[in-house]
Every structure is written in structure tokens, then in C-alpha cells.
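Report on the following structure.
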Amino acid sequence: MLLPLLVGPTFILLGLFVLHWWRKQHGLMQDAAAWPTAPGKVLECRINRARPGDDADDLFSFVFDYEVDGRTHVGTRVGFFEMERRLTLAQMEDLQRRYPVGGAVRVHYQRTDPRVAVLEPADRTTAAPTRNLAFVLIAVGAAVLFFATVARA
């Protein structure tokens, strides 16, 4: 019964990694409210359909450009927690409606590194699932370890 003693800590470590990443993104999200902004333009906003009727493998492709201090930058993030693999088809379609190709956007960029940019810096709705995933991974790992040690006793 060595497997549970390997699986439990692996889940806990993975959960801690996800939680660390979430805290970093959440910190950026809070800081971004005070970031400067620049006008930008949507270059690409499309849904890459995998199979009709099955949105599990659909991918969202989003690109915008903006200029800071005479240099053109390219961004791909609407918010801090969007991941193209986690978006539902309805969410992708909503983003397509809100950000049509060629449309003007207001880009929030990090003053110290203008390559770090986002359109919706304070979208808290996409932050909770990542944090919750971290807690679930940690809880599953702890449960596996607990039951493994109880079974050994």
C-alpha cells in the first residue's frame, strides 16, 4: 500500500502549487486596478471548434495590440484567470460579442513591464474556480493520506 503514500502528498503539493499560482494572479488582479491604460485594438477573436456539438475541446483564440511609449505590444489575456481550456462555448461566444475583431479596447498594462497586460483586471468571477481547485486537491491529498494511515494501523 505504498501508492496512497505517494498519491496523497502529490495531490497536496499540486494543490499548494495551484494555490500559490492563484495568489500570484490574485495579487496582480488587485494591483491592476491602479495600472495605467492604453488604447488598443482587437486583432483576433475566434472560437476554434474541435467537433460540432461538443464544446469540450473547443479553444478560444484572442489577440489584441496596444502601444506604450512608442512600442507596439501584443496581448492575449482578457482577464487574469481565463484559460482557453476552461472556457465554455457560451463564455467564448460572449467574449466574441464583447470584443469584435477590429474593435477598440482599453488595455491595462503593468507600468514596470508593459508586456503584462489585461483587458478586464478585476473580473473576480473567474478567480474562484482556481482557488477552489487548489483546496479540493489539498483536501483529496489529505484524505488519501488519512485513510492510508488508518488502513495501516
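Every read-out reported here was derived from the displayed coordinates using simple, explicitly stated rules and does not represent laboratory data. If you're wondering where the values come from, they're calculated on a predicted model, not measured in any experiment. Ideal geometry is used to build each Cβ from the backbone, glycine not excepted, and the neighbour counts take in all protein chains shown.
Structure summary
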{"read-out": "Residue 33-residue 14 pseudo-label distance in nm [points 7 Å out on the Cα-to-Cβ vector]", "value": "3.4 nm"}
{"read-out": "Gain in span if fully extended, residue 146 to residue 61, counting 0.36 nm per residue against the direct Cα distance", "value": "26.3 nm"}
{"read-out": "Taking the chain and dividing mean pair separation by its residue count, relative contact order in percent (alpha carbons under 8 Å, at least six apart)", "value": "37 percent"}
{"read-out": "Dipole in debye (nearest 20) - region 34-121, about Cα centre, beta carbon charges: Lys, Arg +1; Asp, Glu -1", "value": "180 debye"}
{"read-out": "q = 0.21, 0.22, 0.25 Å⁻¹: log10 I(q)/I(0) that the Debye formula gives for region 34-121, counting C-alpha atoms only", "value": "-0.95, -1.01, -1.21"}
{"read-out": "Directionally averaged shadow of the chain, computed from the convex hull of its alpha-carbon atoms, nm²", "value": "11.6 nm²"}
{"read-out": "Of 42, 80, 16, farthest towards positive along the dipole that unit charges on Lys, Arg, Asp, Glu beta carbons give the chain", "value": "16"}
{"read-out": "Under the span-like rule (Cα at least 18 Å along the axis, Kyte-Doolittle mean at least 0.5), DSSP H helices of the chain", "value": "3-32, 128-152"}
